[in-house]
Each structure stands twice: as structure tokens, then as C-alpha cells.
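*Asks:* Sharing a structure with you now.
The values are calculated or read from the model by the stated rules, or taken from the named source; none is laboratory data. Only a predicted model underlies this, so the values are computations on that prediction, with no experimental measurement involved. Cβ: placed from backbone, ideal geometry, glycine included. Neighbour counts: every protein chain shown. Accessible surface is based on the protein model in full, side chains and every heavy atom, while ligands, DNA and RNA are left aside. Shrake-Rupley method; radii C 1.70, N 1.55, O 1.52, S 1.80 Å.
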Number of protein chains: 2
Amino acid sequence: MASLPCPASRILGPIGGSRKVYSSPPGQPEIRVPFREVAVSDNREPVATFYDTSGPYTEADAVIDYAKGLPPVRSDWIGARDLVDLGTAGPAAAETVVRGTSDYLPGCPAPHRRRRGQPGRPVTQREFALAGIVTPEMVFAAHRETLGRASRAPEATGIETGLPAEITPEFVRREIAAGRAILPANINHPELEPMVIGRNFLVKINANIGTSAVGSTAADEVEKLVWAIRWGADTVMDLSTGPNIHAIRDWILRNAPVPIGTVPIYQALEKVGGDPVKLSWPVFKDTLVEHAEQGVDYVTIHAALRRAHVPLTGRRVTGIVSRGGSIMARWCLAHGRESFLYERFDEICEILRAYDVSISLGDGLRPGSIADANDAAQFAELETSGELTRVAWESGCQVMIEGPGHVPLDKVGVNVDRARALCGDAPFYTLGPITTDIAPGYDHITSAIGAAQIAWGGTAMLCCVTPKEHLGLPDRDDVKAGVIAYKIAAHVADLAKGHPAARARDDAVSRARFAFRWDDQFNLSIDPDTARASHGKSGADTVVAEDKRGLSPVSSAAEPFCSMCGPTYCAMRISHDVRKTETDPVPPM
Amino acid sequence: MASLPCPASRILGPIGGSRKVYSSPPGQPEIRVPFREVAVSDNREPVATFYDTSGPYTEADAVIDYAKGLPPVRSDWIGARDLVDLGTAGPAAAETVVRGTSDYLPGCPAPHRRRRGQPGRPVTQREFALAGIVTPEMVFAAHRETLGRASRAPEATGIETGLPAEITPEFVRREIAAGRAILPANINHPELEPMVIGRNFLVKINANIGTSAVGSTAADEVEKLVWAIRWGADTVMDLSTGPNIHAIRDWILRNAPVPIGTVPIYQALEKVGGDPVKLSWPVFKDTLVEHAEQGVDYVTIHAALRRAHVPLTGRRVTGIVSRGGSIMARWCLAHGRESFLYERFDEICEILRAYDVSISLGDGLRPGSIADANDAAQFAELETSGELTRVAWESGCQVMIEGPGHVPLDKVGVNVDRARALCGDAPFYTLGPITTDIAPGYDHITSAIGAAQIAWGGTAMLCCVTPKEHLGLPDRDDVKAGVIAYKIAAHVADLAKGHPAARARDDAVSRARFAFRWDDQFNLSIDPDTARASHGKSGADTVVAEDKRGLSPVSSAAEPFCSMCGPTYCAMRISHDVRKTETDPVPPM
């Protein structure tokens, strides 16, 4: 069983009404940047181009074989660099562990050459940026940010955007060199379509997948990945626990066009039988190398949670709610020692730098309730994150900072402002925040409210919260609900920030709406399937039938009104009459 | 067919895990204020009391007969006032119109004595407030605001709340006298359980119901009302169009424990055969009287849309998107005259004051897209609303101001600030706002983001937007989705504003969560049915079965962890271990 079942057709092929296109920056045909294109029925309208994270899975004639993996679009760029070749065999340590488990699952058979950087030679995007070198990855990401076209000036949003009118490769380089942005791109992940994360770029979103102890299979996880990026996830974190973690991650990486993030402490805990007290630096170090060689693009490291912070959580309503945080707190108290992640952070950086694995400094003490928001424990850890950010930068590593959590709306702003101040403006990456504790089952909404607010304030990436948060593991529908809610929050923030590529899509949808071009409105929307289904089917018979049942109304794509209001009450239709009457406009009186 | 089918059982009876209770202010047993009470399994926990808008429908042994209507809880208070008795027959004018329609539907047979106020004698809550008189309605609303208990001081939220530690009847009176709040309570709506709308009270939400041309029946509409208030709608607007509007509204009012709002211009348009050009002051005036005598608590009047404003919409992307606004704009241009609603506004106030029908000044020129937000047309109309607010106040009427619409997040704050400045701090009542145009099918989310933001800024009431907005008429599930999203937005704002009654519920849910009291967490949540269902069923067999299918995980209410993370990775469980280890806390190093 070295192969996986073919992907279900419903998760493959173009999204309704659109087609996959590739665009290259002027004079660089070797760089093919993917976009999604929607042709609009009104030929006076421009073709709409959307940012596209879905990889080859949304090509019209996509032939997908998980066992072969995705085309290694970066291999020439990586191959041209001065790296050590490690061959193609999986790391012995990891294989042993995997074989040790009850039901053995082999990794993805797709050929995978592993490499490592050398001391004194640039490996990370940060090192290249600091050396003044613009990498193909930076060119790719820049072309992507402005949807492949010479960008327009930011819309007048009534605020000082601070964003450039055009996102150039040189601008991307400067942001990375300044530490304000990261371009997560492990040299062992050639299948990656590069993207950039930072306050001066489009707000990005992450979706979590992963097996649990009694969890799902590798096939389930790869399909969750394909599903999450279909709806717009910019990065995916594999939070798998339980058996076969290494092999499952292998299948995910070889089939991932987006950056993959992990939390190595989870697998380290598996290796010591699930007892936090038995964790040790050697076990963690091996795990880190294992992830780095497989191609993980960023790892969450809970090194900022120090022994002295733990007592600060003593009077909390919900204590410690981060898995990694609780594991390390337990270790510190059991051993009466400082966290080995904190003490060995320079060694951690040295390892990760050699593969260009970006660091995501975990917020192990993030608040788990409104009551605990912005407390001493949370901000003490954030201060340590600032200290470690500088260590990571010194080592040549790219780094971002993880944030809350549960925060009431009036305390959201302080979080991003303080993170910027303490961590030298390194990209902020938040989980929500959830803005009230009272709505389990609806936390994609409670957190989309906080996410839009914190992203508008300058947060670079948002981690999706699904409706199942606090209640259970998300299924496919939950993953989509979370991703869509966060695409909305991210876009709302891009609009408010005045990103040059944001407003065009809203205006295209609104023009279609006002012109009663129903299919255009659906195709231009964030989820054409749902928009079309909600509008209902056509045909007079259906109208009567459905209205008798009191269901949603219906209208054909041709009608100059819809049965929401009917012809008499259609404001937009009357508004068109008003414009006709207006050929001789009434002068202000 | 003078009766309606009995209500479906699923919309009756207590919400899961709670019971209906009534509480009276000290020494006033005749005032019985409804609340929802949740008993928590941990006896060290206080009983949780929630604000309850659902009326008798959620009583354990509710016997509901729509034909009899609800008990007239206000009749003694109204009877004691100096009013003219108009008898019990429906207004001839209206009956004629209704009889004229193809399929005649009689009104609700429940006895309904109609009254009218007299000149020079106080009728409206504003007039009583200005006279220094605290009405039973004010006492009722005050007791409701602080959940029937002596309120606690606002939580330290890091902001200046400006809210009192206790909401007293005298405070309610002062806010109404100042025009900062309204207490919509038509003297012909004795079934009403009074509530107050204003920036210094809990944020309220309105849900829309109503038939369309090919629409649903009276039974459907009353059931939509019962369903909407079950999930927390504070007021309900009947936007019915088509035949039998009068009779349907009759059934709704006699069975409504919440304030009912209408848009009289819709029915006036029916009376002139659906042609805006045929509208006239006499037809509108009759309709207004008809609504007032039936017991409508507030009416939307689009009097602030002046002829001179219409040309300002000429270059808009989505023109005029308000039904009432487009109707009046059409009338102004066709007749080349100023709006009769503007010219007759003093007469309108005189009519409405006599029944204490509150005025909701419509925003006929609200933006229908991000592109049109905060434009000249919108703010010109708002300025006229300010002018008319003072006219209404002079006449003794209560008034609130309607607001947008579609607004990007960075332009939300200006809307509420300007409305306050121009309209003397009269309550602001907004539709959303929707913060991006790209997500038809998800506008309960795009607008909940804007709604939380604008309510935090001081908006008093939020009009629910359902997922079907822009696409079709909402069905029962859509209505619930909209109401829940808005209950969340309103509560998020109450938390951020530091309302004294807001934080307790979040903390109760969080304590239950941290203590693994699953049933308590569900019962305390905003939608116990959904929370419980999302968490999944119990039993080891089920676990295996469901996990094999990759569905959401499961756990019994007893487990000190859930299968989201399993025992090894349960942060909260480890956090409890940490606390045990902490009996001798580690000193800061």
C-alpha cells in the first residue's frame, strides 16, 4: 500500500465559472505564477484575476497521483544553490520509530532529494535578502501579490495605507531583510509555490489538518490539504499525533503546493511514549532534523515559555490551553529546570537555518478565555519572544510570532501593537482571536470578528478556527467553513488596509449585482457553489412549488429583479428607472 | 379559517438545559420580567440568568393558540392612562383593502381594544420621561437590562465604558428624556414585554420576517416570529408585501411579545397597485393610522431622502438599494417635487405621537456596495435625518436613525460618530454593515464583522443579515443563522463596552470548559442544540465507528479530556497536572 486512493473528483478541477491560468513576470518565463481567472458575461468588464493557492489540483485536466507527488517547480532554483546533497533515503531515526508502531505506513514513494546548507554560505531567504540578492522565490511572491498585473494605486480608503502602489520583487526583498516579512520555503520542499507573509502584503490564512490518536488516515489528511487550499488556505499546518506521523507528513509534503507548518514537539512526545516529563533535547533535536529534511517550511517552537512564567497562570480561569505550552510547562515543573527549548534556542536556530525552515514562536501561554486575555503570563511570554526573535535573526533565520487566542474586541489592538513593539515588527500570526466564549459551535464567526480586527491592525497571517473549535475534530465541511470565514476576514482587512489588489473584486461583484448578471455575481464570489445554490433554481413552476413550501425564492439569471422583493419592490430595478428619469438631473435646491 | 395551525412543537418549550423564570423588581409584583435560567451541575457555581426575548413560547407547559393571542401584560398600565377608546373593530379602510384582494384572510380574532392619545396629555414614553415620570415599562426594561439582579460593576476592560454600574429605572428615564434611548411600546400593543434601545444599554438585534408577492402564509410568518425570538431577536420587522398584509400583521402583533416594526410605504404601494408614481399623502396617512391602531411599535419613514439628494446617486456603482428609498426617489423625479414624507413630517409625527409609535428614520440612500460607502448621497440624507430628529422630539415622538449597509472596516467608525453628531445621539440602528461585497451566501459573517465593530462604537440596535442576503428570501434555518450571528456580534460589543451584565456568561462557559463540565458548557452556550450536536455522541463503540469514518470525535461528558486531542495532548488536562505540581510554586528567576 505505497499508494493512496485517487482523490475524489469533487475536490479536483476548476472552481465553478473559473479557469486556472499561469502568468510570468516580464522576461522570466521560467517563473510560472498560478492565478484563477473568471470570464464575465459583459464584454465591457475586465477579466477578473484572483490569487490562487490551490496548486495543480484545480487545473481543468488535472491528473493527480499522490504517490508521484507534485511537480518540483523550485528544483532548478534550489539546485543552482551551494548546498550539501544528503541523498534520497529517509532519516534512519524516524524510520525506526515509524516501523516501531503497530500499523506501519510507508512514506510517499515520490523521489525526494534531501539537501542541507553550509555555514557561511547563504541558505535562507533572509540571508539572500540581507546580501541584496533577489531570489526567484521573491519574484514569484511579488508577481502573485499584485495578481500578475501592474498594480493600481491603493483605493482611497480614507486611511494612510502605508502600502506601496506596486509590490515589486525588490520590495519583497527589503521587507524580508527588515524581518517584517518571511518567505517560508524549505530547500527540501521543491513542490512549493512561494508566497510571502508580512504586514505589508495580502493577509494570509492557515488551515490546520492532522490525525489524532484514534485518527484518520494519510489519504484523509492529503484530501483535507487539497480541500483547504481549494478554498484559499495560504499555508497548512499538519498537527498530526499518534502513529505514522512521519509517513503521513511525507505524503502531505510531496503533495503540497503551499508552505507546510508543523509542531515538532508533538512527534517528540510520541517518541517518548506520551509522557512530557520524558522529553529531552536529543529526542527533540532528532525530530527537528527529521522535519527539516522532509521539507517542512515552518515549525512552531514554544521556546518563549520560560519556567518563571508558569506560576503566572496560577489564577487563570482556563490555565494553559496550548498543547505545546502545557507540555513544556509540565516539563519545567517536573524537572524544576528552565525549558530546554529556551536554553538551546541558538542550536535550534542553527539547525533550522541550514534548511531555511522558518520559525514560528509559539504562544504557549495564549489566553483560553476572555477572562485571561492580555494577562501577565501572556505578555511575559511575548517579551521573551521578542528576545528570541533577535537571536533567530542573528542566526539568519526567518521568524514570525504566534498570538492569541481569546480576546475581547477592545483588547485586540493592544495585542498586535505590543507584538510589533516587542518583536521588532516580525510578522504576527494569530489564532482568531475569538471575541467571546459563549458560542461553541460558531467559533468560526466569533473569531472571524477578531481576526478581521487584528489583521486590519497589522497581523500578517490568521490561523483558521472552525465551527468545531472546543467541541471536536473538524470534518471536511467544518474545514471549508473555517477557511471561507477566514478568507472573508483577511479580505475585509486587505480592503481596510487599502492593499492595491483588494478592491477590484468587490467592485466587480457589485457591478454584476446591480446589472442583474446573476451568474457573474456567483462566479466572482468567494464560493460560487454556495452562492448559486442559495439563489435557487430557475423556472416558473419551481417558483410556485418552492414558494408554497416557503423555501428560498427563485429567479432566472435573466430577470431584471429577483423574488426576494419581486418586480414591484426591487430597489435596484427602480433605481435603474430613476437613472432613466434622470437624463435631465434635478438641480440641488 | 379564523385560526392558524398549532405551532410546531420544535419551536415551543424551553431551550435545552434551561427553564423560563419571572422576576419582579422589589415591591412591584405586578411587573413580571422574563428570564432564562440555566442550572449548572457544579453547586459551587451560581445559577446563570440570561436575558430572554422569547415570550411565553419557551415556558415548559406553554399552551399556545395563535387565534387567542398572547396575554396582554401591559393592559392595566395602559388602561390607567388618559386615552381615547376607539372600540375593537378593525379600521374600515384597511378591511376594505384586504377584502378587495383575491384570497381574503381575516385578521386575528383575539379581542383588541384600540386607543388613541389626546393632545396636551402625555402618551409617549418620551413625554412621560420629560415629565419626570417613571413608567412601568421603564421599570420593566431596567430590571431586564441587569438580568434581574443588583448588577456588578463593569468588568475592567481597559476602556472607559461610560456605562453605569447599575441600570436603574431612573437611568432608563433619563436616557429616554435625553433622546439617547427609545422604549418602543405602542399603546395598542399590550402583549409587549417592554425593552429599551440605546447606546448605554445592551446592544439589541432586529430580525426581519414578511411575505413577498408570491409569498408565504400568515402561519409561516407567525412561526418565523416565534423562531426568531426563540434565538434572541429583540425586535421583529414585518416587511410583508403582496396580499393580506393587514391581516398577516394582525396575526403577528397579537402573538408578539417583542416590539414589531413595519415599513408603511410598502402597504401604501400595494394600495396604489404597485406604482410608486401613484403614491400620495392621503393613502400614506391612512396606512400610517392603520398600522398605529393595530399596535405597530415602530415604523420606518424615509422622510430624510429629499429630491435634491437623488442626483447625488448618479455615479454610484449600485445606485439606490433601499426599497423605500428607491420608491420615494422615483416619486420625487416623476413628479418633479419634494418628497411628501419630508414635507408632511410634522403631520406624520402628530399621528405617531398619539399612539406612541416610535419613528425609525430610514436610510433610503444607504450604500449598497463598498464602492458607494460614506458618499455624498448617504451623508446628505443623514444630515436631513438630524434635522427631522429634532422635529420628532419637539412633537414628543421617540426616534432612532437607520444606518448602512455596505461599509469597509476602516470607514465604519465614521458612520456611528457622524450619526451621533448630526442626530443628537439618537439611537443608531444599522443593517450590518457588510464589510465586503465578495461573499454572497456568507453575508451573516461579512456583516457580523461590521456589526460588532459599529455596535462597539455605540450603535444601539443591529438589523440581522442572513446568509441569503442578495440571493433569496431566508428560510427558517437562514433566519436562525442570522439571529445567532447577530447575538454574537451584539454580545461581543457588550463585552467590549463593559456592560455590567455581559462578562458573567463568558466566564461561566469558560469555567465549565476548563472543568470538563461538557453539559454545562453546552447549556450555557448561545445555541445548546448545535454545541451538543457538534460535540458528538458518547460511547466507546461510537468513538471507533465515527473515527473510522473520519467524522468529528466524541467523548462522554465525564472524560477529563476529549478526542480532539486525546488524553496525551489535552492542554487543559496537563494544565490541571501543572497546577497540582504547583502546590509549591516556582519563584520567578
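Every residue, every condition in (1) in a loop (DSSP other than H, G, I, E, B); (2) under 19 Å from A:Pro367 (Cα atoms); (3) within 13 Å of another protein chain (Cβ to nearest Cβ), yes or no:
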position	(1), (2), (3)
A:Leu388	no, no, no
A:Asn415	no, yes, yes
A:Ala419	no, yes, no
A:Ile454	no, yes, yes
A:Leu473	yes, no, yes
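*Asks:* Would you mind listing the strands (runs of 3 or more DSSP E) fully within segment A:12-85 where at least 2 residues are in contact with a strand residue (DSSP E or B) (Cβ under 8 Å, 6 or more places away or on another chain) and among the polar types (S, T, N, Q)?
*Replies:* Values: elements: A:18-23, A:33-38, A:48-51.
Qualifying strands (runs of 3 or more DSSP E): A:18-23.
*Asks:* Which members of segment B:390-413 meet the condition of being farther than 16 Å from B:Asp425 by Cα, open to solvent by 10 Å² or more (accessible area, probe 1.4 Å) and more than 14 Å from chain A (Cβ to nearest Cβ)?
*Replies:* Once the filter is applied, which keeps residues that are farther than 16 Å from B:Asp425 by Cα, open to solvent by 10 Å² or more (accessible area, probe 1.4 Å) and more than 14 Å from chain A (Cβ to nearest Cβ), segment B:390-413 yields only B:Ser395.
*Asks:* Then there is this: Farther than 25 Å from B:Arg81 by Cα, among the aromatic types (Phe, Trp, Tyr) and touching a residue at least 60 places away in the same chain (Cβ under 8 Å) - does that describe any residue in segment B:335-346? Steps first, answer last, please.
*Replies:* Filtering segment B:335-346 down to residues farther than 25 Å from B:Arg81 by Cα leaves B:335-345.
The next check asks that each one be among the aromatic types (Phe, Trp, Tyr); those that pass are B:340, B:342, B:345.
Next, from what is left, pick out any that are touching a residue at least 60 places away in the same chain (Cβ under 8 Å): B:340.
Within segment B:335-346 (the criterion being farther than 25 Å from B:Arg81 by Cα, among the aromatic types (Phe, Trp, Tyr) and touching a residue at least 60 places away in the same chain (Cβ under 8 Å)), the answer is yes, since at least one residue qualifies.
Residues checked against (1) modelled with pLDDT under 95; (2) assigned to a loop (DSSP other than H, G, I, E, B):
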site	(1), (2)
B:Ile187	no, yes
B:Ile205	no, no
B:Val222	yes, no
B:Gln267	no, no
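*Asks:* Which count do you get for residues in segment A:373-386 that are within 12 Å of chain B (Cβ to nearest Cβ) and open to solvent by 10 Å² or more (accessible area, probe 1.4 Å)? Full working, then the answer.
*Replies:* Start the filter on segment A:373-386 by keeping residues that are within 12 Å of chain B (Cβ to nearest Cβ), which leaves A:373-377, A:380.
This time we only want the ones that are open to solvent by 10 Å² or more (accessible area, probe 1.4 Å), so: A:374-376, A:380.
So the count comes out to 4.
*Asks:* If you check every pair at least six apart or on different chains, which have Cβ atoms under 7 Å apart with a residue in segment B:446-472 that is charged (D, E, K, R) first and a residue that is in a helix (DSSP H, G or I) and open to solvent by 10 Å² or more (accessible area, probe 1.4 Å) second?
*Replies:* Hits for this filter: B:Lys468/A:Ser534; B:Lys468/B:Asp478.
*Asks:* Continuing with this model, one more query. Take segment B:327-363 and flag every residue that is within 12 Å of chain A (Cβ to nearest Cβ) and out of contact with any Asp or Glu (no Cβ under 8 Å at 6 or more places or on another chain).
*Replies:* B:Ile327, B:Met328, B:Ala329, B:Trp331, B:Ala334, B:His335, B:Gly336, B:Arg337, B:Glu338, B:Ser339, B:Tyr342
*Asks:* Out of all the residues in segment B:364-372, is one or more over 23 Å from the mean Cα position of the chain (by Cα), outside any loop (DSSP other than H, G, I, E, B) and among the β-branched types (Val, Ile, Thr)?
*Replies:* yes
*Asks:* Looking at segment A:172-222 only, could you name the residues that are surrounded by fewer than 23 Cβ atoms within 10 Å (Cβ to Cβ) and in contact with a Pro (Cβ under 6 Å, 6 or more places away or on another chain)?
*Replies:* A:Ala219
*Asks:* Same structure again: So, of the residues in segment B:5-60 that are of a type in the set (Ser, Thr, Tyr) and farther than 16 Å from B:Asn523 by Cα, which turns out to be most open to solvent (accessible area, probe 1.4 Å)? Show your work before the answer.
*Replies:* If we filter segment B:5-60 for residues that are of a type in the set (Ser, Thr, Tyr), which is where we start, we get B:9, B:18, B:22-24, B:41, B:49, B:51, B:53-54, B:57-58.
Still in the list and also farther than 16 Å from B:Asn523 by Cα: B:9, B:22-24, B:53-54, B:57.
Values: B:Ser9: 96, B:Tyr22: 72, B:Ser23: 30, B:Ser24: 48, B:Thr53: 7, B:Ser54: 3, B:Tyr57: 2 Å².
Out of the qualifying residues, it is B:Ser9.
*Asks:* To continue, here is another question. Could you tell me which numbered condition B:Ala455 fails, if it satisfies all but one of (1) at pLDDT below 95; (2) crowded, with 24+ Cβ neighbours inside 10 Å?
*Replies:* Failed condition: (1).
*Asks:* Could you please let me know if B:Val134 is farther than 30 Å from A:Asp372 by Cβ, β-branched (Val, Ile, Thr), touching a helix residue (DSSP H, G or I) at 6+ places or on another chain (Cβ under 7 Å) and modelled with pLDDT under 80? Step through it out loud before you land on a result.
*Replies:* Details: farther than 30 Å from A:Asp372 by Cβ: yes; β-branched (Val, Ile, Thr): yes; touching a helix residue (DSSP H, G or I) at 6+ places or on another chain (Cβ under 7 Å): yes; modelled with pLDDT under 80: no.
So B:Val134 fails the test.
*Asks:* Within the bounds of segment A:515-535, is there any residue that is under 18 Å from the mean Cα position of the chain (by Cα), within 7 Å of another protein chain (Cβ to nearest Cβ), modelled with pLDDT of 95 or more and over 16 Å from B:Leu473 (Cβ atoms)?
*Replies:* So in segment A:515-535, the residues under 18 Å from the mean Cα position of the chain (by Cα) come out as A:526-527.
Subsequent filtering for residues that are within 7 Å of another protein chain (Cβ to nearest Cβ) retains A:526-527.
Now drop any that are not modelled with pLDDT of 95 or more, which leaves A:526-527.
This time we only want the ones that are over 16 Å from B:Leu473 (Cβ atoms), so: A:526-527.
Scanning segment A:515-535, I find at least one residue that is under 18 Å from the mean Cα position of the chain (by Cα), within 7 Å of another protein chain (Cβ to nearest Cβ), modelled with pLDDT of 95 or more and over 16 Å from B:Leu473 (Cβ atoms), so the answer is yes.
*Asks:* Considering segment A:484-514 alone, what residues qualify as being assigned to a loop (DSSP other than H, G, I, E, B) and either open to solvent by 10 Å² or more (accessible area, probe 1.4 Å) or at the interface with chain B (Cβ under 7 Å from one of its Cβ atoms) (or both)?
*Replies:* The initial filter retains those residues of segment A:484-514 that are assigned to a loop (DSSP other than H, G, I, E, B), namely A:498-502.
Selection gives A:Ala501 alone.
*Asks:* OK, next. I'm checking my understanding of the structure. Among residues of segment B:290-334 that are in a loop (DSSP other than H, G, I, E, B), basic (Lys, Arg) and over 23 Å from B:Thr389 (Cβ atoms), which one is most open to solvent (accessible area, probe 1.4 Å)?
*Replies:* Of the residues in segment B:290-334, the ones in a loop (DSSP other than H, G, I, E, B) are B:295-297, B:302-306, B:314-322.
With basic (Lys, Arg) added as a condition, the list becomes B:306, B:315-316.
If we keep only those that are over 23 Å from B:Thr389 (Cβ atoms) as well, we get B:315-316.
Details: B:Arg315: 229, B:Arg316: 11 Å².
Looking at residues that are in a loop (DSSP other than H, G, I, E, B), basic (Lys, Arg) and over 23 Å from B:Thr389 (Cβ atoms), I get B:Arg315.
*Asks:* Could you grab me the full set of residues in segment A:515-525 that are surrounded by fewer than 24 Cβ atoms within 10 Å (Cβ to Cβ) and under 18 Å from A:Val47 (Cβ atoms)?
*Replies:* Taking segment A:515-525 first, the residues surrounded by fewer than 24 Cβ atoms within 10 Å (Cβ to Cβ) are A:515-519, A:523.
Within segment A:515-525, A:Ala515, A:Arg517, A:Asp519, A:Asn523 meet the criteria.
*Asks:* Determine which single condition A:Arg353 fails, assuming it passes every other condition in (1) open to solvent by 10 Å² or more (accessible area, probe 1.4 Å); (2) closer than 26 Å to A:Ala380 by Cα.
*Replies:* Condition (2) is where A:Arg353 drops out.
*Asks:* Taking into account only those residues within segment B:432-452 that are at the interface with chain A (Cβ under 7 Å from one of its Cβ atoms) and assigned to a helix (DSSP H, G or I), which is surrounded by the fewest Cβ atoms within 10 Å (Cβ to Cβ)?
*Replies:* Kept after step one, since they are at the interface with chain A (Cβ under 7 Å from one of its Cβ atoms), are these residues of segment B:432-452: B:435-442, B:445-446, B:448-449, B:452.
Add one more test, that the residue is assigned to a helix (DSSP H, G or I), and what stays is B:445-446, B:448-449, B:452.
On the way: B:Ile445: 28, B:Thr446: 30, B:Ala448: 34, B:Ile449: 32, B:Ala452: 34.
Among them, the one singled out is B:Ile445.
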